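Colleague: I am attaching a structure below and will ask some questions about it afterwards.
The values are calculated or read from the model by the stated rules, or taken from the named source; none is laboratory data. Worth saying up front: this structure is predicted, and the values here are computed from it rather than measured. Don't worry about glycine lacking a Cβ; one is built from the backbone with ideal geometry, like all the others, and counts go over all protein chains shown. Just the protein is used for accessible areas: all its heavy atoms, side chains included, with ligands, DNA and RNA removed. Shrake-Rupley method; radii C 1.70, N 1.55, O 1.52, S 1.80 Å.
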Amino acid sequence: MSQNNSAMKVVGQSIPRIDAPIKATGKARYTGDMKLPGMLYGKMLFSSVPHASIVRIDVSKALALPGVKDVIVGKDTPGIKFGNWRLFPATQDELPLAIDKVRFIGDAVAAVAAISQDIADEAIGLIEVEYAPLPAVYTIEDSLAAGAPLIHDENKELTNNISLDRKIDVGDVDAAFATADYVREDTVFVHAVSHAYMEPCAVLVEPDTEGRLTIWTSTQTPYIVQCLLASTLAIPENHVRVVKPYIGGGFGGKMELRPWDFCASLLARRTGRPVRFVLTRVEEFEVGRRRHGMKIRSKVAFKKDGTLIAKDFEAYLDGGAYNSMGPTATFLCGNFGAMLYRYPNYRYRGHHVYTNKPPAGAMRGFGAPQALYLSETQMNIAAEELGIDPIELRLKNAMVTGDVIEGVTRISSAGFVESLHKVAEMTNWKEKRASLAPNKGIGIGCYSFISGGVFNWFNTQYNFASCEIRAYSDGTAHLLTMAADIGQGSDTVLRQIMAQDLGLDPEQIRLTAADVTMTPKADLGTWGSRVTLMNGNAVLDATQKMRAELAKMVSLRFNLNVIHEVAFADGRVFAKAQPAKGISFGEAVTMWVKANRGEELVVRGHYTPRDLGLTSPAYSFGAQVAEVEVDPETGVVTVEKVSTAHDCGTVINPLAVEGQLEGAIQMGLGYALCEQFVMRDGKTLNTTFLDYKVPAAEDMPAIASAAIETYEPQGPLGAKEAGEGLAIPTAPAVSDAVWHATGYRCKDLPITPEKILRATGKL
Amino acid sequence: MDKVCITLNVNGDRYELAVDPWRTLVEVLRDDLNLTGTKIGCQTGDCGACTVLIDGKSVASCMMLAVAADNKNIATIEGLSTGQDELHPIQEAFVEQGAIQCGYCTPGMVLSTKYLLDQNPDPTETEIRQALSGNLCRCTGYHRIVKAVEAVAVKMRADGKGE
Ligand code: FES
Ligand code: FES
């Protein structure tokens, strides 16, 4: 791993984001802001029934409407299924447009392109679809009941609605339970929530005269969209150029090919004109992906002194009508069930269950918020019953650097113990937990999260992350990266890493990102908190190559002894021990170009995790304490303060990390207290921000935080993730605080006033 | 239904337009005038992404028909900073304080902030949070935004630019 010996000048600084000024002035172009000459406006028709055969679709009236240029239905498509688990084609269960069957209210049935949005909207209302209804199921229980309709009866390998199972077996769980002093079993239901990113999905496609496409789409994963668009359109990958404009948040909800991407592309090819789709918020709530609702059972075994000896963990995921990212969530839920503490014996059974509801996908934490809501709640219950302080119980079992879960996980850095101590100290935990005013409560929740996945279910043939660096005689450089900044700040952070390692001012670095035909295309996108670690390592791979080339020039120029180390700082390249022996970065580039007879100085960097277990190269850790007040009459919970101590390795940009933490707390509070879908017979009833309540500025608590710095050997300059893990601990911490205030232990999220009042006998 | 001729004064520029009477102000700003800095997050008046100032008052432009803005003075995010590189102090504070992540809520937040500070140059934290509670942000948790507003209020008072 390349590491510049010069002091950290850029890394560790709270540098404002590169893209902040353009966003502040309203000049940043998001997909829905773009328009092209001759552009047509698109609109989707989504299924209005939860489960049915399609008997007949008549588009003639829509086609006859003046201004409508084209209408497509399933039979106009190649009929090729897609999904992100390409390694297992049987899991690819979704068609871009339904052909003979719809499986949820929101399944894509037809699409229109017209000369105005009003005409496209009107045309959708003129399409006649005749459905033959099929029995539908909306809960895990009903879906698994004998005689339930098979939602994917076309897949002959499935005999029920479980699309996929995953198991983990470590040690001998049953034998360990037989020796336990204390056993605790709990089942919880955690609910589905919306990503509620502020930018509704949009796509704009421009065809060229040879049928190639340029696609601007609100995606976290341009390369995945390129591959899946090419396969579903049955055209070469290289005919599909996916460009990521500015993205208004994703949180996991924009990491797949979506029907509008496909329909805009097909309509553009058929009409020869650019086509744009912009979803409405109502459509987002109805057909957007969501976090998995799960039913999870956990049984844990302890020794009297609080030592954990075994865990038996089983999850049923309510997947909705298609696999989407459910297989990954099923896998990760089990991995996270084994995290945070040492479970010498661990068993996991995960089942991904189809229901006739909108599919659940990836959402910030990806299996972990659910798994750790139960694990952490159970830890707090066990602490109470064993008569041990919850932080003490955690300290006794906490994972530390060097821990290994055989065949699953290897922890190369862990600041968990330090986080627990720190958060206890920050909050005066001991005293407050022991005695608190009436109706006040203090509670704890902890987390660990992956810094990217080592698995390759997408079956990419390329490296997991890649970049190119070009250096110029004027002392500037150009970073071309496939990393997709969706608002998390990766453009800024990668530029910081590069600037640090090449000794440049970040402002001397031009950055071009996420254009699959212009930047190196190997990259799996933004998800699983992979970008800082993987793309950061790819950048360092490239800077290392760049440094080697330029060091040769300085060595030649000053006739340096072979033992001299060449350093890069302040825009100069010089002998570290004799800084006067050096030249500017630009002069070094000029020398290199001349020495190479006019070649441009271009290097490429790559990263792929190899031989690092089954899950991730590195893990973040942290502990969070919530302080609440519960109104005994109304059951309303006011979260007064949330304090967090967390380990994300080297902090590259403290301002960016703080921003992630604060945003994660907001999302965690929504998950714990106020966000939920209201469904009836498969229909989503709350489809506006009035009815689906996300926390506003006045709902936020006071926030305190401390970063526990560790050095992660697998991470770039010691860094690891800070994006998703922080969204995990708030729900269990608030839940524990509510218990502390009221005696009510929530096993059925969200924690509503009604549930509290029922539990306290007030209702 | 016939189109209606209206005049919109946007950021000091005068536009004469014939618009369908059912079109909202945000649609006309974005589609007809190409002022896409004003965002659409919901079209139901619940998110604040489409906030503009009309005769100095903050308005959700998705909830107002374009014809209702006839002859009114409209300020959008594009009109806030004066020069090419120059940021308005509110924008500068948002940049420096880390109040911007994905940026989709930012134009609306900035204009709501402008309205707040025009009314109340020295707001308390609670007043800031209340004033911004019609503007949803899913990325930041609002803390940096509140900090930015506090910082710029101090700066604008010191500079006497409270307007
Ligand atoms: S778009 Fe107008 S309030 Fe949301
Ligand atoms: S910065 Fe993303 S919604 Fe506010």
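Colleague: Given a 1.4 Å probe and the protein chains all in place, what does the accessible area of A:V183 round to, in Å² to the nearest 10?
Modeller: Looks like 70 Å² after rounding.
Colleague: Right, something else. Quick one: Karplus J couplings for the range A:287-292, per residue in order, coefficients 6.51, -1.76, 1.60, θ = phi - 60°, nearest Hz, x for Gly and Pro?
Modeller: Whole-Hz 3J(HN,Hα) from phi for the range A:287-292: 10, x, 5, 8, 6, 4.
Colleague: Now a separate question. In peptide B:124-130, how many Cβ atoms from other protein chains are near each Cβ within 10 Å, on average? Walk me through the intermediate numbers first.
Modeller: On the way: counts 0, 2, 2, 0, 2, 5, 3.
Taking the mean over all residues of the peptide, I get 2.
Colleague: While we're on this one: Using the Cα centre as the reference, give the magnitude of the dipole from point charges on the C-beta atoms of the range B:4-79 (Lys, Arg: +1; Asp, Glu: -1; all else neutral), rounded to the nearest 20 debye. Kindly include the intermediate steps, with their values, before the conclusion.
Modeller: On the way: 6 positive and 10 negative charges, 35 e Å.
Taking the Cα centre of the range B:4-79 as origin, the dipole is about 160 debye.
Colleague: Same structure, new question: Considering only DSSP beta bridges with both partners in the range A:456-571, what is the antiparallel share in %, to the nearest 5? Numbers along the way, then the final one.
Modeller: On the way: 5 of 10 bridges.
Just about 50 percent of them are antiparallel.
Colleague: Next question, about the same structure. Calculate, for A:K167 and A:V562, the FRET efficiency according to 1/(1 + (r/R0)^6) with r their C-beta to C-beta distance and R0 45 Å; round to the nearest 0.05. Spell out each step's value before the answer.
Modeller: Details: r = 55 Å, r/R0 = 1.22.
With a Förster radius of 45 Å, E is 0.25.
Colleague: So, one more: When only DSSP loop residues count, what GluC sites (Glu not before Pro) in the range A:578-673 have their Cβ near at most 11 other Cβ atoms within 10 Å? Working shown, then result.
Modeller: On the way: sites: A:E587, A:E599, A:E600, A:E627, A:E629, A:E633, A:E640, A:E658, A:E662; in loops: A:E599, A:E600, A:E633.
Those that pass, being in a loop and sparsely packed, are A:E599, A:E600, A:E633.
Colleague: Then there is this: Restricting to chain A, what percent of DSSP beta bridges are antiparallel, rounded to 5? Intermediate values should be presented prior to the final figure.
Modeller: Values: 104 of 134 bridges.
Of the beta bridges lying entirely in chain A, close to 80 percent run antiparallel.
Colleague: Show the residues, 5+ positions off or on another chain, whose built amide H is closer than 5 Å to the amide H of A:F677.
Modeller: Excluding prolines and chain starts, which carry no amide H, the hits are A:A192.
Colleague: A follow-up question, please. List every residue whose amide H lies under 5 Å from the amide H of A:A483, counting only residues 5 or more places away in sequence or on a different chain, with H placed 1.01 Å from N in the peptide plane.
Modeller: Excluding prolines and chain starts, which carry no amide H, the hits are A:A514.
Colleague: Just to check I understand the Karplus step: with θ = phi - 60° and J = 6.51 cos²θ - 1.76 cosθ + 1.60, what whole-Hz values come out for the range A:429-442, glycine and proline as x?
Modeller: 3, 3, 5, 5, 5, 6, 8, 9, 4, x, 6, 9, x, 10
Colleague: Let me ask something else. Seen from all sides and averaged, what is the projected area of the convex hull of the Cα atoms in the protein assembly as shown, in nm²?
Modeller: 40.2
Colleague: Sticking with the crude label model, points 7 Å out along Cα→Cβ, report the distance from B:R157 to A:A90 in nm, one decimal please.
Modeller: Calculated label separation equals 6.9 nm.
Colleague: What does the charge count around B:I100 come to, taking other residues whose C-beta lies under 9 Å from its C-beta (Lys +1, Arg +1, Asp -1, Glu -1)?
Modeller: On the way: positive: A:R17, A:K23, B:R144; negative: A:D19.
Residues near B:I100 contribute +2 overall.
Colleague: Using the basic label-point model (7 angstrom from Cα toward the beta carbon), what is the A:R297 to A:R510 distance in nanometres?
Modeller: Result: 6.1 nm between the two label points.
Colleague: Sort A:131-142, B:115-126 by the packing proxy (mean of other Cβ within 10 Å over each peptide's residues), most packed first.
Modeller: A:131-142, B:115-126
Colleague: In the range B:89-159, if the dipole is taken from +1 on Lys/Arg beta carbons and -1 on Asp/Glu beta carbons about the Cα centre, which of B:L117, B:A158, B:Q130 is farthest to the positive end?
Modeller: Farthest towards the positive pole: B:Q130.
Colleague: Can you give me the distance in nm between label points at A:N428 and A:Y462, each placed 7 Å from the Cα along the Cα-to-Cβ direction?
Modeller: Calculated label separation equals 5.5 nm.
Colleague: Need one value for A:198-208: mean number of C-beta atoms belonging to other chains within 10 Å of its residues' C-beta atoms. Don't jump to the answer; show the numbers that get you there.
Modeller: On the way: counts 18, 9, 7, 0, 1, 0, 0, 0, 0, 0, 0.
Mean partner-chain Cβ count within 10 Å for A:198-208: 3.
Colleague: Among the listed pairs A:K69/A:K101; A:K440/A:K747; A:K23/A:K295; A:K244/A:K295, which are separated by more than 32 Å between their Cα atoms?
Modeller: Details: A:K69/A:K101 26 Å; A:K440/A:K747 20 Å; A:K23/A:K295 41 Å; A:K244/A:K295 36 Å.
Those over the limit are A:K23/A:K295; A:K244/A:K295.
Colleague: Now, a different point. Please compute, for peptide B:92-99, the average count of beta-carbon atoms on other protein chains lying within 10 Å of each residue's beta-carbon.
Modeller: On the way: counts 4, 1, 5, 9, 4, 5, 14, 4.
That works out to 6 on average.
Colleague: Ignoring the sites themselves, what is the longest stretch of chain A with no trypsin sites (Lys or Arg not before Pro) in a DSSP loop and at most 10 other beta-carbon atoms within 10 Å? Spell out each step's value before the answer.
Modeller: Values: sites that count: A:K156, A:K304, A:R597, A:R610.
Answer from the scan: A:305-596.
Colleague: Which FRET efficiency value, to the nearest 0.05, do you get for B:D2 and A:L63 by plugging their Cβ-Cβ distance into 1/(1 + (r/R0)^6) with R0 = 25 Å? Intermediate values should be presented prior to the final figure.
Modeller: Numbers: r = 27 Å, r/R0 = 1.10.
E(calc), rounded to 0.05, equals 0.35.
Colleague: I've got another one for you. Gap in Å between the Cα centre of the range A:624-664 and the Cα centre of the range A:509-555?
Modeller: Between the Cα centres of the range A:509-555 and the range A:624-664 lies a distance of 33 Å.
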